[in-house]
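Report on the following structure.
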């Protein structure tokens, strides 16, 4: 089935990890995809792979914290493909510190990329979605949109903020046929998570194995990481849902770590 045939999707952070998996899954479902990433070469690599598999894709270098870059990337996508049906606001980084040691510039950088990037992308996208009377806004939240963990004051604050933004957009977008939802994964074994394991081991004074089993996965029902496919399939579902019956929601994909 190619339930997204004829539609256009834009994915930020699409050069690697979760963003790449989502871009590929959307393309496999028939969407034409703009792959956006601050690393232009990585975006181009993802887009090339989609085209090699028979899909349509455009690579767009984009710093999501730069309003001009976001506006230009969204406009370029619409010029190329004629419309915009789905955005996936996925770009993100991770920085961990105890709050007493958290540099304020790093805290602000986290919020600028995660929450500010989601805001700027939304603002640019709805200018095209509202006139056509349809659209799907998909935000990459986290279990940390609902729960807290030590060392992650900036990340948790940003992910809580994304949940609030998405709920506002569910209300504002409804009269325009635009839906808004959040995907809240548990830990996915990506380079971003791999980087956290030794950092948390050093900060907490425990082994890397204990970080995985006693910190990251201790509250899951089966001790398993969420997979890229788990998250990508959820994005395809949200992109393809046909009515406002499903809006303003957060879908937690976490092996039971958080049950809502």
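Of the residues 137, 217, 204, the one that moves most in a GNM of the chain with alpha-carbon contacts below 10 Å is 204.
Multiply the residue gap between residue 171 and residue 83 by 0.36 nm, knock off their C-alpha separation, and tell me the result in nm, one decimal place.
Value of the extension gain: 29.4 nm.
Each part reduced to its alpha carbon centroid, the range 33-107 and the range 190-219 end up 27 Å apart. Taking 0.692 mPa s as the viscosity and 37 °C as the temperature, the Stokes-Einstein diffusion coefficient of the range 105-242 based on its alpha-carbon Kirkwood radius rounds to 200 µm²/s. Counting every pair of alpha carbons in the chain, the share spaced more than 34 Å apart comes to 14 percent. Debye-formula intensities of the range 1-127, expressed as log10 I(q)/I(0) at q = 0.22 Å⁻¹, are -1.19 (one equal scatterer per alpha-carbon, no solvent). How far, in degrees from 0 to 90, does helix 17-28 lean away from the longest principal axis of the Cα atoms of the chain, to the nearest 10? Tilt of helix 17-28: around 30 degrees. Extension gain for the segment residue 106 to residue 202, taken as residue separation times 0.36 nm less the Cα-Cα distance, is 32.6 nm to one decimal.
Against the chain, whose longest principal axis comes from its Cα atoms, helix 228-240 is set at around 40 degrees.
Quickly estimate the mean residue ellipticity at 222 nm for the chain, helices only: each DSSP H run with n ≥ 4 gives -39500 (n - 2.57), and the total goes over all residues, rounded to 500.
Theoretical 222 nm ellipticity from helices: -14000 deg cm²/dmol.
Of the residues 122, 68, 46, the one that moves most in a GNM of the chain with alpha-carbon contacts below 10 Å is 68.
Take the Cα pairs of the range 177-233, get the Kirkwood Rh, then feed it into Stokes-Einstein at 37 °C and 0.692 mPa s and tell me D in µm²/s. Working shown, then result.
Working: Rh = 12.7 Å.
In µm²/s, the coefficient rounds to 258.
Computed from Cα positions, the angle between helix 153-174 and the longest principal axis of the chain comes to roughly 30 degrees.
None of the figures in this text is laboratory data; all of them are computed from the coordinates on show. As the structure is a computational prediction, the values presented were derived from the model and not from experiment.
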